[in-house]
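Here the structure comes first, spelled out in structure tokens, and everything after it is commentary.
The values are calculated or read from the model by the stated rules, or taken from the named source; none is laboratory data. Since this is a predicted model, take the numbers as computed values, not measurements. Here Cβ is always computed from backbone atoms with ideal geometry, including for glycine, and neighbour counts include all displayed protein chains. The accessibility values were calculated without ligands, DNA or RNA, using every heavy atom of the protein model including side chains. Shrake-Rupley method; radii C 1.70, N 1.55, O 1.52, S 1.80 Å.
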Amino acid sequence: MSTTMVAPHSKRPVADDKVFAANKKAQEAAKKVGAEQVINSTIGALMEDDGSLSVMQTVMKKFKNLPEAEIAAYAPIAGLPDFQEAAEKAVFGDFRPEGHVRVVSTPGGSGGIRHAVWNYMEEGESMLTADWYWAPYKTIAEEHGRKLATFQLFDEKKAFNITSFKEKVQELAEKQERLLIMMNTPAHNPTGYSLTDEEWAAVIEFLKDLQEKQQKKIILYLDIAYIDFAGDMKTSRGFMKQFEGLSENILVLVGYSMSKAFTFYGLRSGALVCLSSSEEVADEFLAAATFSSRACWSNGTRGAQKLLANVYNDEKLLKKINEERDSFKGILEGRAQAFVDEASEIGLEIFPYRAGFFITIPCENPDDVAAELTKDYLFLLPLGRGLRFAPCAVSAEKCKKSARLIKQAIDKVNG
Ligand SMILES: Cc1ncc(COP(=O)(O)O)c(C=O)c1O
């Protein structure tokens, strides 16, 4: 008799999460040779130059000063009402499109993706996203009996590949009535790419046309996990105005996360926000997502919700926190620039980086290159067709050094 106890659909390979496994190796190396010798560019969190976690002090102080009951009590399933209002402001800023908005709290950005995959796809269907994508998209799809389809993010000139986007949407439209399209922008993980306003205009025009001609239901999911590290309000959110006046058969879902924006990674808080020209579609979203929350995690982290609500109800506090985040953003920009400049100087090929926590280096044999780099105590994440370097996690000096080490390792492995 087989020793398998799990049901067939839950038989999974025993494997460490790739990021956490690489991080573990980096930490072991740091113990052996000292942290200054090690470049740990594995983790997707903002770190101080010395490798400790950056924490927004104003946020943390306000959180710790919350009344105990505001931390310990349950929150309503869809979130505290003042949190829902705050999340809407945090998502759209000065660029709230006209339309019906509903908000459901989620445990981080991950929870919103889960709800969309479950509620806006049928079993066996595919969600479309870019060919460079955050690995949990696939995990979440597979966990729920769905699949992932991809379009090419870049063309041969490394520009946004609108042709591939259109082809793949069209292909899916021939098979499915409902299309869930996952766009991780601005500050895409893993490349740091952000669609321009013009690229967004082309995407939306195409989707409108497709919807009209083929009567499809389109769910455009905007994953904005890194939005607050992607330039100013206009740069990061200006494109959202283009979501105004869409047909009721084009639903916009926005996945908001407090993980990076408030250095609240472990507090698990975020929101799934829907925008629709139809009140009925918006209410239907709220009902489906609330039901799903009850089934999956019941309610969210009340203290984190209260914190966001308090911040958006206090202009002075909001300003102070934005300034604190801006100083983190400045550090991140300096590090990324150090890497990008050095890469350009020495001829290391990278994908166009606009903002955010990661930079991607396309290359052959990424696992071998990553293994070669560990000899120089540089740890990063090998992807299917490249390497993910995380300037969020290492000093500017180490960023500059890393570009050189990566170039050397690629030349050595791939000759
Ligand atoms: C692309 C992307 N989306 C969403 C998330 C959501 O993360 P969390 O669930 O921790 O908020 C992350 C975090 O790494 C991410 O990289």
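A few notes on this one:
Table: residues versus (1) within 16 Å of the ligand (Cβ to nearest atom); (2) open to solvent by 40 Å² or more (accessible area, probe 1.4 Å); (3) modelled with pLDDT under 95; (4) in contact with a Gly (Cβ under 6 Å, 6 or more places away or on another chain).
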residue: ASP16; (1), (2), (3), (4): no, yes, yes, no
residue: VAL19; (1), (2), (3), (4): yes, no, yes, no
residue: ALA22; (1), (2), (3), (4): yes, no, yes, no
residue: VAL33; (1), (2), (3), (4): no, yes, yes, no
residue: THR42; (1), (2), (3), (4): yes, no, yes, no
residue: SER52; (1), (2), (3), (4): no, yes, yes, no
residue: VAL59; (1), (2), (3), (4): yes, no, no, no
residue: ALA87; (1), (2), (3), (4): yes, no, no, no
residue: ARG102; (1), (2), (3), (4): no, yes, no, no
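- Filtered by the rule that a residue be under 17 Å from LYS24 (Cβ atoms), charged (D, E, K, R) and in contact (Cβ under 8 Å) with a residue 24 or more places away in the chain, the stretch 366-389 gives a lone residue, ARG388.
- Checking each residue in the stretch 192-231 for being within 11 Å of the ligand (Cβ to nearest atom) and either touching a strand residue (DSSP E or B) at 6+ places or on another chain (Cβ under 7 Å) or open to solvent by 10 Å² or more (accessible area, probe 1.4 Å) (or both) picks out TYR221, LEU222, ASP223, ILE224, ALA225, TYR226.
- Qualifying positions in the stretch 257-295 - within 11 Å of the ligand (Cβ to nearest atom) and under 14 Å from ASP223 (Cα atoms): SER257, MET258, SER259, LYS260, ALA261, GLY270, ALA271
For every residue, the table says whether it meets (1) more than 25 Å from GLU205 (Cβ to Cβ); (2) more than 21 Å from the chain's Cα centre (by Cα); (3) hydroxyl-bearing (Ser, Thr, Tyr); (4) away from the ligand (no atom under 16 Å from the Cβ).
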site	(1), (2), (3), (4)
PHE151	no, no, no, yes
PHE154	no, no, no, yes
THR163	no, yes, yes, yes
LYS166	no, yes, no, yes
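- Scanning the stretch 364-379 for residues that are in contact with a helix residue (DSSP H, G or I) (Cβ under 6 Å, 6 or more places away or on another chain) and either surrounded by fewer than 22 Cβ atoms within 10 Å (Cβ to Cβ) or not in a helix (DSSP H, G or I) (or both) yields GLU364, ASN365, ASP368, GLU372, ASP376, TYR377, LEU378, PHE379.
- Pairs with Cβ under 7 Å, 6+ apart, first in the stretch 122-149 and more than 11 Å from the ligand (Cβ to nearest atom), second among the hydroxyl-bearing types (Ser, Thr, Tyr) and in a loop (DSSP other than H, G, I, E, B): none
- Members of the stretch 54-76 found to be farther than 30 Å from LEU332 by Cα and either hydroxyl-bearing (Ser, Thr, Tyr) or not in a loop (DSSP other than H, G, I, E, B) (or both), listed by number: GLU68, ALA69, GLU70, ILE71, ALA72, TYR74
- Just one of (1) under 20 Å from the mean Cα position of the chain (by Cα); (2) farther than 18 Å from GLY266 by Cβ; (3) outside the structural domain of MET233 (by TED's automatic domain parsing) fails for THR42. It is (2).
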